[in-house]
1. Identify, from the list 99, 75, 45, the residue that is of a type in the set (D, E, K, R) and outside the structural domain of residue 10 (by TED's automatic domain parsing).
2. Among residues belonging to region 28-50 that are over 15 Å from residue 79 (Cα atoms) and not aliphatic (A, V, I, L, M), point out the one that is surrounded by the most Cβ atoms within 10 Å (Cβ to Cβ).
3. Name every residue in region 4-27 that is within 20 Å of residue 37 (Cα to Cα) and surrounded by 14 or more Cβ atoms within 10 Å (Cβ to Cβ), in order of residue number.
4. If I ask for residues that are farther than 22 Å from residue 4 by Cα and under 9 Å from the mean Cα position of the chain (by Cα), which ones from region 65-111 would you list?
5. Checking residue 128 against (1) surrounded by 12 or more Cβ atoms within 10 Å (Cβ to Cβ); (2) within 19 Å of the chain's Cα centre (by Cα); (3) not in a loop (DSSP other than H, G, I, E, B), only one condition comes out false. Which one?
6. Identify the residue in region 59-76 that is over 22 Å from residue 13 (Cα atoms) and exposed (fewer than 15 other Cβ atoms within 10 Å of the Cβ) and, among all such residues, is modelled with the highest pLDDT.
7. So, in region 92-112, of the ones that are in a strand (DSSP E or B) and touching a His at 6+ places or on another chain (Cβ under 9 Å), which residue ends up surrounded by the most Cβ atoms within 10 Å (Cβ to Cβ)?
8. Could you please find all residues in region 6-43 being over 18 Å from the mean Cα position of the chain (by Cα) and within 30 Å of residue 92 (Cβ to Cβ)?
Amino acid sequence: MSDLLERLRARGWRLTSQRRVVAEVLEGDHVHLTADEVHTRATARLPEISRATVYNTLGELVALGEVLELDAVGRAKRYDPNAHRAHQHLVCSGCGTVRDVHPRGDALAALPATERHGFTLAAAEITYRGLCPNCRPRQGA
């Protein structure tokens, strides 16, 4: 059983077969699927699930704070079930692959007081960008 399913059951969220399938599709580490990818995988398990149901379920999971919605600039939004463990993201500028990363140190403390403009910081979202091994030009090619 996925961590997401356990969290949803603990909240008393009604797990219809459609909602359960969407949660199961989001199971695993480094899962950052688009809504269309979730729909494709969900229909493989439950052929009658509609695209609207997938989108609505993802919206509910985001509103509950159980799934993060990642706005990948210039690309489709992605959904991350790792909503309760502190992490940042590493994004390939070529293919859009997203990986969770756990840098050392406190991202909030990294912003000097002189750059805070009077804000009281509550959270930091850092996205590292580069090219994955599949997109990076091969040496000597």
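1. Criteria check complete, one pass: 99.
2. My answer is 43.
3. Residues satisfying the conditions are 4, 5, 18, 19, 20, 21, 22, 23, 24, 25, 26.
4. none
5. All conditions pass for residue 128, except number (1).
6. Here the answer is 76.
7. The extreme case among them is 98.
8. Across region 6-43, the qualifying residue is only 43.
The values are calculated or read from the model by the stated rules, or taken from the named source; none is laboratory data. It should be emphasised that the depicted structure is a prediction, and the values quoted were computed from it without experimental measurement. Please note: Cβ atoms are built from the backbone with ideal geometry, for glycine as well, and neighbour counts cover all protein chains shown.
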